[in-house]
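Following: one structure in structure tokens, then a few remarks.
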Number of protein chains: 2
Amino acid sequence: MAALDRSLISRLPLFQGLTPDEQSEILRDARSSRYAKETAIFEQEAEAHSFFVLIAGHIRVVRTTPDGQQVIARYISEGEIFGVAAALGRTTYPASAIAAVDCVVLAWPNALWPDLAGCFPVFGAATYRTVGTRLQETQTRVVEMSTEQVEQRVAHALLRLANQTGRKTDSGIEIDFPISRQDIAEMTGTTLHTVSRLLSKWEDNGIIVSGRQKVTVKDAHRLVVRAENRDKR
Amino acid sequence: MAALDRSLISRLPLFQGLTPDEQSEILRDARSSRYAKETAIFEQEAEAHSFFVLIAGHIRVVRTTPDGQQVIARYISEGEIFGVAAALGRTTYPASAIAAVDCVVLAWPNALWPDLAGCFPVFGAATYRTVGTRLQETQTRVVEMSTEQVEQRVAHALLRLANQTGRKTDSGIEIDFPISRQDIAEMTGTTLHTVSRLLSKWEDNGIIVSGRQKVTVKDAHRLVVRAENRDKR
DNA sequence: TCCTGAGTTTGCGCCAGCGCAAATTGTTCC
DNA sequence: GGAACAATTTGCGCTGGCGCAAACTCAGGA
């Protein structure tokens, strides 16, 4: 197996604060893999063996209920760490990770976590900062689900996607991976029918353009109005 | 200021795995405070200066939306660590912590976190395990809010409270701090009216007994049936 | 090119649960 | 003991959004 190149990670925020040598040392223990679109990097409830960093692509983190309903916990973008069960003392993954498009992923065996976090405290701290952010985001989502109407929640979800993974095009900000009405419904606790109706309405109003597994936000400003349920003249 | 006695923490899971000497050493940096019922230990958005362990009482962690609506993120029970913004690299508290009854709390300045976690890895690991559990619980709540009806969510919330903070009495499991219909509504994303109706119905069915700021679960088994929305003969 | 299947749109009817309002009950503090 | 307040209960009407069903549209493969 050829050694992995440091350039893979040197630009990622997670590894900032490490010297080039340290970056190379961390990489020595990593294994690189490709995952085809719609395949699983790991499955909910499975024994956690590794933690991961996404090098290229987009990943959907999904929780499935006992009766088979799915809820999308979050999307992972390039450069993010995920599957960090080890760092939090869990032995199984609480959700599944599915490649939303073809992906390249680095993996480290969980057994190395104590060493890595011990030898490179900056790396450990960055990871825990990420965990903190996610906890807070998840709580924000609970608050939204508790206090907002469906239209507001869907608007918020689109704005978040546009900010985190949006790609600027001449006609607006396009979400740069395939996302269906069903996916958006599973992010916001509603049905694909309701999402479809909302998107149709917004398209009529010129706020978005959308197609099959594709959404482009044309007027983020007016989408914010929907998200905050303000006066919609 | 008198030194704090090691017996305060020696029985807590969080400090298991530390020698008596280490426990005393950690305690040397702690400050003990009392908080009267309904007073704040810290406020949402405030600069995070300390992290805490609850020695006695019950604490409500609350998030308030810009327009003043409140959502209860969780309850903290005796022995739990909370306000761990420092460990997650945040500089402000993402929610307020309110004493649900008179409380005794230990506080450590945030500045000590790196030292403590470094010198006592067992303690750091236990904390991150707690964070992991909370992240998972919060995600479970998102799933519940997305997929369950109000009756199921309220039943789940009561069962969780009964398990975590229930006190066995001759008539059932009593939640051992004052909790209003409004509180339960803020935990489950509904209104106090709906909660009141549900509790009335369950009381008619002999599943619970409830009074002003008080709920006693008499038949947890039948409450599980409500939580899972199974056949309610 | 046509076929097939997945993704999407839209109409229609219904109902869980909210909002409002008023009555009632229990607690606390003079 | 009683006044004042906080918490709870309950009735009533309405509606946001779901469930079902059917039609439609697009992309990719044979």
From the phi of every residue in segment B:29-38, what ³J(HN,Hα) in whole Hz does the Karplus formula 6.51 cos²θ - 1.76 cosθ + 1.60 yield, where θ is phi - 60° and glycine or proline is x?
8, 8, 10, 9, 9, 10, 10, 6, 2, 6
Taking +1 at the Cβ of each Lys and Arg and -1 at the Cβ of each Asp and Glu, which of B:57, B:161, A:12 sits farthest along the dipole of the protein assembly as shown towards its positive end, judged by Cα position relative to the Cα centre?
B:161
Between A:195, A:62, A:142, find the one with the highest GNM mean-square fluctuation for chain A; connect C-alpha pairs within less than 10 Å.
A:142
Amide H of residue A:79: which non-local residues (sequence gap of 5 or more, or other chain) have their own amide H closer than 5 Å, using H built in the peptide plane?
A:54, A:55
Using θ = phi - 60° and Karplus 6.51 cos²θ - 1.76 cosθ + 1.60, couplings along segment A:16-21 (whole Hz; Gly, Pro as x):
5, x, 9, 6, x, 4
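Between residue B:203 and residue B:164, what's the calculated FRET efficiency when r is the beta-carbon distance and R0 is 30 Å? Round to 0.05.
The computed FRET efficiency comes out at 0.85.
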Rounded to the nearest 10, the angle in degrees between the Cα long axis of helix B:150-165 and the longest principal axis of the Cα atoms of chain B comes to 40
Just to confirm my numbers, what's the Cα centroid distance between segment A:33-71 and segment B:57-91 in Å?
29
When you take every Cα atom in segment A:74-120, what is the radius of gyration, and what is Dmax, the widest Cα pair distance, in Å?
12.0, 34
Using modelled amide H (1.01 Å from N, peptide plane; none on Pro or chain starts), what sits under 5 Å from the amide H of residue B:50, excluding residues fewer than 5 places away?
B:110
When you look at the Cβ of every residue in A:142-153, what mean number of other chain Cβ atoms sits within 10 Å?
5
Per residue of B:62-71, how many C-beta atoms from partner chains lie within 10 Å of its own C-beta, taken as a mean?
3
What do you get for the angle between helix B:121-147 and the principal long axis of chain B? Use alpha-carbon atoms, 0 to 90 degrees, nearest ten.
20
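Can you give the relative contact order of segment B:150-228 as a percent, counting alpha carbon pairs under 8 Å and 6+ residues apart?
38
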To the nearest 20 debye, the protein assembly as shown has a Cα-centred charge dipole, built from +1 on Lys and Arg Cβ and -1 on Asp and Glu Cβ, of 1120
Over the alpha-carbon set of segment A:148-227, work out the extent along each principal axis and list the three values in angstrom, largest first.
30, 25, 22
Where nothing but the Cβ of Lys and Arg (+1) and of Asp and Glu (-1) is charged, how large is the charge dipole of segment B:2-54 around its Cα centre, in debye to the nearest 20?
300
Quick one: putting +1 on the C-beta of Lys and Arg, -1 on the C-beta of Asp and Glu, what dipole do you get for segment B:6-145 around its Cα centre, in Debye to the nearest 20?
200
Given an 8 Å cut-off on Cα distances and at least 6 residues of separation, report the relative contact order of chain A as a percent.
18
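Per-residue Cβ counts within 10 Å, from other chains only, averaged over A:18-26: what number is that? Show your work: numbers first, answer last.
On the way: counts 0, 0, 0, 0, 0, 0, 0, 0, 0.
Average neighbour count from other chains, rounded to a whole number: 0.
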Using R₀ = 41 Å, calculate the FRET efficiency as 1/(1 + (r/R₀)^6) where r is the Cβ-Cβ separation of residue B:225 and residue A:232; round to 0.05.
0.40
Of B:37/B:218; A:168/A:214; B:201/B:232; A:201/A:232, those spanning more than 19 Å from alpha-carbon to alpha-carbon:
B:37/B:218
In whole Hz and in residue order, list the ³J(HN,Hα) couplings for segment B:93-98 that follow from phi through the Karplus curve 6.51 cos²θ - 1.76 cosθ + 1.60, θ = phi - 60°; x for Gly and Pro.
7, x, 8, 9, 10, 10
List the residues whose amide H sits under 5 Å from the amide H of residue A:41, counting only those 5 or more places along or on another chain, with H placed 1.01 Å from N in the peptide plane.
A:97, A:98, A:99
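Read-outs: derived from the displayed coordinates by stated rules, not from any lab. Note that the structure is predicted; figures quoted are calculated from it, not measured. Using ideal geometry, Cβ is built from the backbone for each residue, glycine included, and neighbour counts are taken over all protein chains shown.
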